[in-house]
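Presented below is the structure to which this report refers.
All of the numbers you see were taken from the coordinates with simple rules; none came from a lab. Worth saying up front: this structure is predicted, and the values here are computed from it rather than measured. Positions of Cβ are generated from backbone atoms using ideal geometry, with glycine treated the same way; all protein chains shown enter the neighbour counts.
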Amino acid sequence: MPEHHHHHRHHSSHRSLNGKNFVILPVVFSVLILGICAAVIGPTILKFYDMADLFISDVKLDYSDNYRNIYVPTSEGLEESSETSETSSEPKKPLSSKTVPITSIEYPRYSDQFGELIIEDCGIKVPLFFGDGNLQLNNGVGIYTGSFIPGYGRPILVAGHNVTYFNGLKYAKEGQIVLIRTSYGNYRYEITGVEVHDKDDTSAYDLGAEEETLTMYTCYPFDMVGLTPYRCFVYAKFLSGPALDKHN
Amino acid sequence: MSETKKRRKLDKRPIAYCVLSFFMAAFLFLLSICISLRFTLLSNDYMLSTMADSEYYTQVTEEFRQNLESLGHASGLNSEFTNNFVQSMDIRQDVIDYINAFYTGQSTVVNKTPFKQKFRAAIDQYAEENKKEGQEPSEKALEYLTNEAATIYADCIQIPFFAVIANFIYKLTTPMNITIAVLALLCAVIVVIIYFTNSEFRHRTYRYLSYAFSGAFLCTIVLPAYMHFSGIISKVSINSRSLYNLFVSYFDGMFRYMWIFALAYLVLGVLFFAAFARKHKRLVNNH
């Protein structure tokens, strides 16, 4: 009888394949195993996971050596620039009261060439970039991204190398005109002074100022092999150019 | 043994085998992680081969050239000088020496002295050849330039955060080998138990092994699948292109190991299920 019963049990268990167990049990196993792992190492991982936000961007970064050129020259405002250039020693007021809605312009992205910077008296006519990394400074001069673009009504800080694009700054003198041309307008500034400061001297410029000023700087001294912590700063005040309307 | 006790013991056997399958799935999962780490994170051969595959040496040399050129443009050096100087440097060998030093527990501080000596000799010669009246370089300016160039060079050789985990990597290699051996042994013991205690009904052996391998497959595939479909690795924000490519290749390779393990577990899980079904069918037909 027990022999028969034993046989009967096995016989009944062999009837069905019971295939769903081959799905349910592995799923249960994996949930339990991963749950235990999460409970054990989760608190440690979470700390790093929060930190990971600092290292993960929304999009894949572009590492190409090419840059975008969004600069399309406009002649608007150039006529009044040349007029003022001849009388640059006289007190000046902003000549252009025109405003440009900020939403109507293509705001430059980091590394874009969006204009050119011209100081005729210094023999400077160079591409202007947004950003002052190696790529930008090897191809022109660049606006520090912590400062502002022309027309914004706030300080602009432009860097360039003294061997290449800003070598001409050695000829900079008070009263000379700086022209910044962009796709949305032409801006004129007048040089007000040239000073040499240590690179860590934060009094050399004020990025928090509420007025539009232009500060250009490069390494100092010029035309000498060697590196010093000194920088040549050339300061200019705003003369004319369309203001960017930040509310439109 | 009474009939009731015998029956109770027989009733508990499937539960015990399921528990064994569960542990085996867990050990297989841990084994896949440990082996993946052992052959990637803890292997200097893997690091060096990933560097070669991701063209790290070429890219890091190009970055060094760009940085040095930029420094040169601020220091009275023309592009020709910096390009020629970079070509004369063997950055590849210096990177290999740096990586090997990590995995053998040696000092991981880049020795800048040979670079400084070479660079200083080159700029002295350049200054002599391009001397302008009244523009003699000061010793301080030349030293400052040399130190800046040496810093750029060391930054190119070093891998960020690697120094932080170097000691950890060096100390972890032996315990990891032991862990892998222990996990493999535990899996083997469970297989032996399941196999020999079901010699009468072999299909059960296959059933429980299928559970274990299928469970291990599901556990193992979660992380690489998440990384793959979220694309999180490719969105990492690293300024250097060479480091970015190295980082992506490095982790892709690491997760490739896990994909292979997951695939192997899946195949074994399916094979054991097929073997179970075959044996089961034969058994039912016999009865």
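Here the calculated FRET efficiency for B:Val182 and B:Ala101, from their Cβ-Cβ distance with R0 = 41 Å, stands at 0.85, rounded to the nearest 0.05.
If you wrap the tightest convex hull around every Cα atom of the protein assembly as shown and split its volume per residue, you get 200 Å³. With both labels modelled 7 Å from their Cα along Cα-to-Cβ, the B:Val109 to A:Ile24 distance reads 6.4 nm. Only lysine pairs 8 or more places apart, or on different chains, with alpha-carbon atoms under 25 angstrom apart are counted in chain B, and they number 12. Neighbouring Cβ atoms from other chains, within 10 Å of the Cβ of residues in A:132-143, number 2 on average. Full extension of the chain between A:Asp62 and A:Lys170 yields a length gain of 35.4 nm, computed as 0.36 nm times the residue separation minus the alpha carbon distance.
Taking Cα atoms only, the orientation of helix B:113-129 departs from the longest principal axis of chain B by about 30 degrees. Shielding value for A:225-236 is 6, the average number of Cβ atoms from other chains within 10 Å of each residue's Cβ. The angle between the Cα long axis of helix B:44-53 and the main principal axis of chain B comes to about 70°, on a 0 to 90 degree scale. For chain B, leaving out every one of the GluC sites (Glu not before Pro) that falls in a DSSP loop and has at most 12 other Cβ atoms within 10 Å, the longest unbroken run is B:1-132. The distance between label points at A:Asp223 and B:Arg278 comes to 8.9 nm (points 7 Å beyond Cα on the Cα→Cβ vector). Region B:177-229 and region B:103-119 have Cα centres separated by 47 Å. Potential lengthening of the chain between A:Ser183 and A:Lys199 amounts to 2.6 nm, from the contour at 0.36 nm per residue minus the alpha-carbon distance.
Among residues other than A:Gly193 with Cβ under 13 Å from its Cβ, the summed charge is -1 (Lys and Arg +1, Asp and Glu -1).
Sorting A:119-130, B:184-195, A:54-65, A:212-223 by their mean Cβ neighbour count within 10 Å, with the most densely packed peptide first, gives A:212-223, A:119-130, B:184-195, A:54-65. Across all directions, the average flat footprint of the convex hull enclosing the Cα atoms of region B:57-162 is 6.9 nm².
Just to confirm the number: angle between the C-alpha axis of helix B:91-103 and the first principal axis of chain B, 0 to 90 degrees, nearest 10? Here the helix axis deviates by roughly 40 degrees. Across peptide B:242-249, what mean number of C-beta atoms from other chains lies inside 10 Å of a residue's C-beta? Per residue, the number of nearby Cβ atoms from other chains is 1 on average. How large is the translational diffusion coefficient of chain B in µm² per second when you combine the Kirkwood radius over alpha carbon pairs with Stokes-Einstein at 10 °C and 1.306 mPa s? The Stokes-Einstein estimate is 67 µm²/s.
Identify the residues of region A:230-248 with backbone N under 18 Å of a label point that sits 7 angstrom from the Cα of A:Ser104 along the Cα-to-Cβ direction, or state none. So the set is A:241-248.
Here each label is just a point 7 Å from Cα along the line to Cβ, and for B:Phe162 and B:Asp124 those points are 3.2 nm apart. Please report the antiparallel percentage of DSSP beta bridges with both residues in the protein assembly as shown, rounded to the nearest 5. Restricted to the protein assembly as shown, the bridges split so that about 75 percent are antiparallel.
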